[in-house]
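Worksheet for the structure shown next.
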Amino acid sequence: MNWSFIEKFTPMYAEAALLTLTIGAAGIVCAVIVGLVCAMVKYYRVPVARQVVSAYIELSRNTPLIVQLFFLYFGLPKAGILLSSEACGIIGLTFLGGSYMAESFLSGLNSVGKIQLESAASLGMTKAQIMRHIVFPQAFSVSVPAICANVIFLLKETSVFSAVSLADLMYVTKDLIGMYYNTWEALLMLVTAYLIIILPISAVFSILERRLRRAGN
């Protein structure tokens, strides 16, 4: 194991990890927003919009992220639309993650019993009050495990960003292997970087899920 190689290029991996985490976080936040909007559209069965959302979810979940990135980075310029690598990463992750988040939110919304909604309406509560005080709290607690799993999944999906020339962890790893042939050292730093990013997030989510389960009991 060439430790001098690892010491020399650790700062480069740190920069790549920060970029990966930044792009990933931005994409996940946007995915949560898109997912929530789509879930609300399907939950309230909004005409036309519901069919559009269903088509989007099917398209998003049945195409790989790398294909979506290729369309954004190589396809759109043919139509005169130029996007940076960072923008492609965020939009691609939002497009993919939004569909998964939508299904997670929708499962939570559907878990709230109709009798609760009817009882709240009989007490004179408005639809907004019912959503805020009854539906959302219960739906959120049910959706949290799936949302946490989606966040971890999307962070790992950032490994394909290098396909659109984004200098993320995978891009740096392939570059160093191609130049120096220190495969084991480069892969070790790649795995270590992803563990440093994902393990703390996974631990926080596990604690959150346990607390929600205790609160529910």
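The values are calculated or read from the model by the stated rules, or taken from the named source; none is laboratory data. Just so it is clear, the model here is predicted, and its values are computed rather than measured. Cβ atoms come from the backbone with ideal geometry, glycine included; neighbour counts cover every protein chain shown.
Pairs are defined by a Cβ separation below 8 Å, a sequence spacing of at least 6 or placement on different chains, a first member in segment 191-217 that is modelled with pLDDT under 85, and a second member that is in a helix (DSSP H, G or I) and of a type in the set (Gly, Ala, Ser); the pairs so defined are 212/141; 215/141; 216/141.
Residues in segment 4-56 that are at pLDDT 90 or above, more than 16 Å from residue 98 (Cα to Cα), assigned to a helix (DSSP H, G or I) and not polar (S, T, N, Q): 11, 12, 13, 14, 15, 16, 17, 18, 19, 21.
Condition first: outside any helix (DSSP H, G or I), more than 14 Å from the chain's Cα centre (by Cα) and modelled with pLDDT under 85. Can you find one or more residues in segment 125-133 that meet it?
To start, the set of residues in segment 125-133 that are outside any helix (DSSP H, G or I) comprises 125-126.
If we keep only those that are more than 14 Å from the chain's Cα centre (by Cα) as well, we get 125-126.
When the remaining residues are screened for being modelled with pLDDT under 85, the result is 125-126.
Checked against the condition, which is being outside any helix (DSSP H, G or I), more than 14 Å from the chain's Cα centre (by Cα) and modelled with pLDDT under 85, segment 125-133 yields at least one hit.
Restricting 83, 154 to residues that are part of a loop (DSSP other than H, G, I, E, B), in contact with a helix residue (DSSP H, G or I) (Cβ under 8 Å, 6 or more places away or on another chain) and not small (Gly, Ala, Ser) narrows the list to 83. The residues of segment 57-80 include none that are surrounded by 12 or more Cβ atoms within 10 Å (Cβ to Cβ), over 19 Å from the mean Cα position of the chain (by Cα) and assigned to a loop (DSSP other than H, G, I, E, B). Sub-6 Å Cβ pairs linking a first residue in segment 145-157 that is over 19 Å from residue 90 (Cα atoms) to a second residue that is modelled with pLDDT under 90 and not small (Gly, Ala, Ser), at least 6 apart or interchain, are 145/209, ordered by first then second residue.
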